[in-house]
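Enquirer: I'd like to ask some things about the structure below.
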Amino acid sequence: MAGSQVDQARPSAAATPLALKFCGLDFASPIVLLSGCVGFGEEYTRIEGFSNADAGAIVLKGTTGKARLGNAPHRVYETPAGMLNAIGLQNPGVDYVVEHILPELDFSETRFIANVCGSTLEEYVEVTRRFDQSPIDAIEINISCPNIKEGGVAFGNYPEMSAQVVAACRRVTRKPIITKLSPNQTDIRENARRCIEAGSDALAVINTVMGMAIDVATRRPVIGNVQGGLSGPAIKPIALLKVHQVYEVARQHGVPIIGQGGITTAADALEFLIAGASAVGVGTALFYDPMICRTINDGIAAYLTTHGLKNVTQLIGTLVTTRETQDCAVSG
Ligand SMILES: Cc1cc2nc3c(=O)[nH]c(=O)nc-3n(C[C@H](O)[C@H](O)[C@H](O)COP(=O)(O)O)c2cc1C
């Protein structure tokens, strides 16, 4: 499926307990380093002891048709157990990424996934088409971008708009498409179903949860963009439930999930795998521990040994539950 020119040169993932196939791609580990938290795949390689090979895949920063400078400051703000960000998709544009960044990446170490963004349907298509003609292994569609033709509402908040983006991108690439679902919507199951029917090979669950912070001294929003995306441990319980809900739909179609949102430990990663994720994303945690990948890999491997499991895939969706989640269920 992946049309990469360097496939021939790659060793296939050895049959280690952490190795798995994801959309036909060999992942050496279930860990995926998340978009916006690792630059364009080169950023952490300058840190002593860090290796891209510790991750099954790395998702590059969100990329648009033309270069973008991003939002006015402040762009990030630490919150209890998390952080708000509104970077504004700062990136050098797809031509630069394909011509100058991809040739510098070592594709023998890990799989590289593009993160496609757009303000219009046409822009999503243009960026996807450009990556289709590159060595990138897969294409993640970030449907959380604002649709300027619809007054700036996020494509990903509406199943119909989400499906339109996926279907249009599907027409211009044969590489695996991973659609990144937003938690900021009414029915994530319906959105997942529509994206699968539109041709998505996999789903990433979840993107950030929208939030804000106010500086009481000035009575102004802290974030230049007023609102930002909340990430980190604060969103983990939300993300876990969304993965569980999406898995109810995705498993019927054999579509794998990259579970993400607040993962900082091996135990967190295991929870997502048990809930139904085939791979697990790590983003915000990298900011305070760039070596966290190894710690999580070691913790998952130890769990497999303790529980007599030969491979991490044996854990996927093994949640023991007597009932499906009810949307109307209340907490109190
Ligand atoms: C600073 C920052 C920038 C991000 N940029 C992007 C982006 O360009 N595209 C995207 O799809 N997600 C982006 N995200 C969302 C992450 O990829 C991830 O889905 C989210 O942060 C949840 O995972 P975490 O809690 O492990 O960070 C960004 C997150 C952060 C913190």
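Enquirer: Carbon and sulfur atoms: what percent of the 1.4 Å accessible area of the chain do they account for?
Expert: So the carbon and sulfur contribution to the accessible surface is 53 percent.
Enquirer: Give me the 1.4 Å probe accessible area per residue for the chain, excluding ligands and nucleic acids, in Å².
Expert: With all protein chains present, the chain gives 45 Å² per residue.
Enquirer: Kindly work out what percent of the DSSP beta bridges joining two residues of the chain are antiparallel, to the nearest 5.
Expert: 40
Enquirer: Enumerate the calculated ³J(HN,Hα) couplings along the stretch 207-220 in order (Karplus 6.51 cos²θ - 1.76 cosθ + 1.60, θ = phi - 60°), each rounded to whole Hz, writing x wherever the residue is Gly or Pro.
Expert: 7, 5, 9, 5, x, 8, 9, 10, 7, 5, 5, 9, 6, 10
Enquirer: Find the lysine pairs in the chain meeting two conditions, Cα atoms under 29 Å apart and a separation of 8 or more places or different chains, and report how many there are.
Expert: For the chain, qualifying lysine pairs total 22.
Enquirer: Still on this model: Among bridges DSSP assigns within the stretch 116-228, what percent are antiparallel (round to 5)?
Expert: 35
Enquirer: Here's a follow-up. Tell me, what are the semi-axes, in whole angstrom and largest first, of the equivalent ellipsoid of the stretch 70-200 as set by the roots of 5 times the Cα gyration tensor eigenvalues? Let's see the in-between values first.
Expert: On the way: eigenvalues 106, 89, 43 Å².
Value: 23, 21, 15 Å, ordered largest first.
Enquirer: Return the long-range amide H neighbours of ALA204 (sequence gap of 5 or more, or a different chain), with a cut-off of under 5 Å between placed amide H atoms.
Expert: HN-HN under 5 Å from ALA204: THR179, LYS180, LEU181, ILE258.
Enquirer: Once a ≥ b ≥ c are taken as the square roots of the eigenvalues of the Cα gyration tensor of the chain, is the result rounded (a/c under 1.5), prolate (a/b larger than b/c) or oblate (a/b not larger than b/c)?
Expert: Verdict is rounded for the chain.
Enquirer: What's the ranking of 191-199, 164-172 by average number of surrounding C-beta atoms within 10 Å, highest first?
Expert: 191-199, 164-172
Enquirer: Still on this structure, I have one more. Just reorder GLU48, GLU190, GLU43 by solvent-accessible area, largest first, 1.4 Å probe, all chains present.
Expert: Details: GLU48 170, GLU190 55, GLU43 85 Å².
Solvent-accessible surface, decreasing: GLU48, GLU43, GLU190.
Enquirer: Next question. Once phi is turned into ³J(HN,Hα) by the Karplus curve 6.51 cos²θ - 1.76 cosθ + 1.60 with θ = phi - 60°, what whole-Hz value does each residue of the stretch 17-33 show in order, with x for glycine and proline?
Expert: So the J values, rounded to whole Hz, are x, 8, 6, 8, 9, 10, 6, x, 9, 7, 9, 6, 8, x, 7, 10, 7.
Enquirer: When the helices in the chain are scored as -39500 (n - 2.57) per DSSP H run of 4 or longer and the sum is shared across all residues, what 222 nm value do you end up with, to the nearest 500 deg cm²/dmol?
Expert: -7500 deg cm²/dmol
Enquirer: Further, regarding this structure: What are the membrane-span-like helices in the chain by this rule: whole DSSP H runs, Cα extent along the axis at least 24 Å, mean Kyte-Doolittle hydropathy at least -0.5?
Expert: Answer set is 236-253.
Enquirer: Quick query: amide H of THR284 versus all other amide H atoms, modeled in the peptide plane; which residues come in under 5 Å with a sequence gap of 5 or more or a different chain?
Expert: GLY232, GLY262
The values are calculated or read from the model by the stated rules, or taken from the named source; none is laboratory data. This structure is a prediction, so every number in the text was calculated from the model and none was measured. Backbone-built Cβ (ideal geometry, glycine too); neighbour counts: all protein chains shown. These accessible areas exclude ligands, DNA and RNA; they are computed on the full protein's heavy atoms, side chains included. Shrake-Rupley method; radii C 1.70, N 1.55, O 1.52, S 1.80 Å.
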